[in-house]
1. Among the residues of region 40-88, how many are of a type outside the set (D, E, K, R), within 21 Å of residue 122 (Cβ to Cβ) and at pLDDT below 90?
2. Any idea how many residues of region 10-24 are out of contact with any strand residue (DSSP E or B) (no Cβ under 6 Å at 6 or more places or on another chain) and either closer than 19 Å to residue 105 by Cα or in a helix (DSSP H, G or I) (or both)?
3. Considering 37, 27, which residue is hydrophobic (A, V, I, L, M, F, W, C), touching a Ser or Thr at 6+ places or on another chain (Cβ under 9 Å), farther than 16 Å from residue 126 by Cα and in a helix (DSSP H, G or I)?
4. Quickly run through region 24-52 and pick out the residues that are touching a residue at least 12 places away in the same chain (Cβ under 8 Å) and hydroxyl-bearing (Ser, Thr, Tyr).
5. Scan 43, 9, 3, 21 and give me the residue that is within 19 Å of residue 128 (Cβ to Cβ), touching an Asp or Glu at 6+ places or on another chain (Cβ under 6 Å) and not polar (S, T, N, Q).
6. State whether the residues of region 94-106 include one that is out of contact with any Cys (no Cβ under 8 Å at 6 or more places or on another chain), modelled with pLDDT of 75 or more and buried (at least 18 other Cβ atoms within 10 Å of the Cβ).
7. Just the residues that are of a type in the set (Lys, Arg) and under 16 Å from the mean Cα position of the chain (by Cα), please, taken from region 32-89.
Amino acid sequence: MEVVLHLPVVPNVELVAAKAVETLGVALGMHQTRVEAASVAIVEACLNAMEHGGGPVTVRLRSGNHDAKPCLIIEVEDHGQGFNPKRAPKNSPSRVLGCASKRGWGLTLIRELMDEVQIESSPGKTVVSMRKYVESAP
């Protein structure tokens with residue numbers, strides 16, 4: 001099972017990707033709370049890609065297996081200037097209260113909500129790859 005979306009930069013288009021995650025997650029038998037977490041993560045990834053990529057975003061969703069565990073694999077790709085993922089802001093959930101800025105939380109949320117996250121970035125292409133297991137990973 002695979003879905004590929006080419007999203008223009010228009011208001012609320014990230015919700016199309018979230019709906020695709022919901023549809024595939026349910027088809028895979030994923031628990032609703034896991035589907036919701038993956039939906040929030042893809043919204044954050046799409047918003048980041050549209051803001052920093054400056055153009056259309058490609059989203060790939062597919063079912064897969066990793067170490068014999070069924071999962072939903074999500075990739076969000078943009079063609080912006082790229083960034084160094086190791087230098088991206090690392091906010092901590094404990095800093096939510098009293099935090100002066102509401103910006104820069106996207107990658108933190110993605111990492112907290114998904115089971116695995118990999119980011120590959122260079123000038124002209126950034127791909128955020130995320131994996132959410134159908135059942136909780138050990």
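The values are calculated or read from the model by the stated rules, or taken from the named source; none is laboratory data. The shown structure was predicted, so the numbers you read here are calculated from the model rather than taken from an experiment. Backbone-built Cβ (ideal geometry, glycine too); neighbour counts: all protein chains shown.
1. 5
2. Step one: filter region 10-24 for residues out of contact with any strand residue (DSSP E or B) (no Cβ under 6 Å at 6 or more places or on another chain), giving 10-12, 14-16, 18-19, 21-23.
If we keep only those that are either closer than 19 Å to residue 105 by Cα or in a helix (DSSP H, G or I) (or both) too, we end up with 12, 14-16, 18-19, 21-23.
Number of matching residues: 9.
3. Values: 37 fails: touching a Ser or Thr at 6+ places or on another chain (Cβ under 9 Å).
From the options 37, 27, the qualifying one is 27.
4. Scanning region 24-52 gives a single hit, 39.
5. Working: 9 fails: touching an Asp or Glu at 6+ places or on another chain (Cβ under 6 Å); 3 fails: touching an Asp or Glu at 6+ places or on another chain (Cβ under 6 Å); 21 fails: touching an Asp or Glu at 6+ places or on another chain (Cβ under 6 Å).
On inspection, the qualifying residue turns out to be 43.
6. Kept after step one, since they are out of contact with any Cys (no Cβ under 8 Å at 6 or more places or on another chain), are these residues of region 94-106: 94-106.
From what's left, modelled with pLDDT of 75 or more: 105-106.
Filter once more, so that each one left must be buried (at least 18 other Cβ atoms within 10 Å of the Cβ): 106.
Yes, some residue in region 94-106 is out of contact with any Cys (no Cβ under 8 Å at 6 or more places or on another chain), modelled with pLDDT of 75 or more and buried (at least 18 other Cβ atoms within 10 Å of the Cβ).
7. We begin by selecting, within region 32-89, every residue of a type in the set (Lys, Arg); these are 34, 60, 62, 69, 86-87.
Across region 32-89, the qualifying residues are 34, 60, 62.
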